[in-house]
Amino acid sequence: MTAELPEYYFRIRENGAAVFRIDTENRQQRIEMDQIAVINIRNGEVKPQGQRILTEADQTEIARWMEDRKALLAQRDIDDIHRAVDYMNLTTQWAQSKATEEQLEDVTDRLLLAMHDLRTVLVRKKADRLNRG
């Protein structure tokens, strides 16, 4: 653990985080975490805890964290899509060279429907982009 702790800690939740202010300046020299807010990353809502009024520093740090978190989640989304392309290629190789008839029977309909759905959406989105451009 580093010698100097950050001033804020963000406990990740499903749609955002609980925000804590870190305090080590107490008599026992223990780490105290005081929850100051709950944030919703999807709608940008920041709810102070209890009767607390967030300082300008609190609001600035929360806004910075939300911006960083959105960027991280967006990067993860695109990474997942790139992995999906790899999985599709690996699935093609498996179906061609290793799959048994029983295995193919088990997955073929679901794969075909998922691929058809994906293709339909991609073709529609591509056509929309071409029509706008």
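Throughout, read-outs are computed from the coordinates displayed, never taken from laboratory work. These numbers come from a predicted model, not from an experiment. Every residue, glycine among them, receives a Cβ derived from its backbone with ideal geometry; neighbour counts consider all protein chains shown.
By the Cα gyration tensor, segment 70-122 has an equivalent ellipsoid whose semi-axes, rounded to whole angstrom, run 27, 14, 8 from largest to smallest. For the chain, a Gaussian network of Cα nodes joined below 10 Å ranks Leu104, Leu90, Leu113 by mean-square fluctuation, and the top entry is Leu113. Each residue of segment 7-24 was assigned a 3J(HN,Hα) from its phi angle through the Karplus curve 6.51 cos²θ - 1.76 cosθ + 1.60 (θ = phi - 60°); the sequence is 6, 10, 10, 10, 8, 5, 10, 3, 10, x, 6, 9, 9, 10, 9, 8, 10, 10 Hz, with glycine and proline shown as x. Note on the chain: GNM, Cα springs under 10 Å; of Val19, Val123, Val38, the largest mean-square fluctuation is that of Val123. The residues neighbouring Ile22, those whose beta-carbon lies less than 9 Å from its own, together hold a net charge of -3 under the Lys/Arg +1, Asp/Glu -1 convention.
The alpha carbon centroids of segment 84-133 and segment 26-63 are separated by 45 Å.
Within the chain, the longest run free of trypsin sites (Lys or Arg not before Pro) that sit in a DSSP loop with at most 16 other Cβ atoms within 10 Å is 53-97.
When the P(r) is computed for segment 1-98, the part past 19 Å accounts for 57% of the Cα-Cα pairs. Amide H contacts of Gln49 (H built 1.01 Å from N, in plane; Pro and chain starts excluded): Ala37, Val38 sit under 5 Å, all sequence-distant by 5 or more or on other chains. Our coupling estimate for segment 100-105, obtained by passing each phi through the Karplus curve with A = 6.51, B = -1.76, C = 1.60 and θ = phi - 60°, is 7, 4, 5, 5, 5, 4 Hz, Gly and Pro reported as x.
About the Cα centre of the chain, what is the dipole size in debye to 20, counting +1 per Lys and Arg Cβ and -1 per Asp and Glu Cβ, all else neutral? Could you put the intermediate results ahead of the total?
Details: 21 positive and 24 negative charges, 104 e Å.
So the dipole magnitude of the chain works out to roughly 500 debye.
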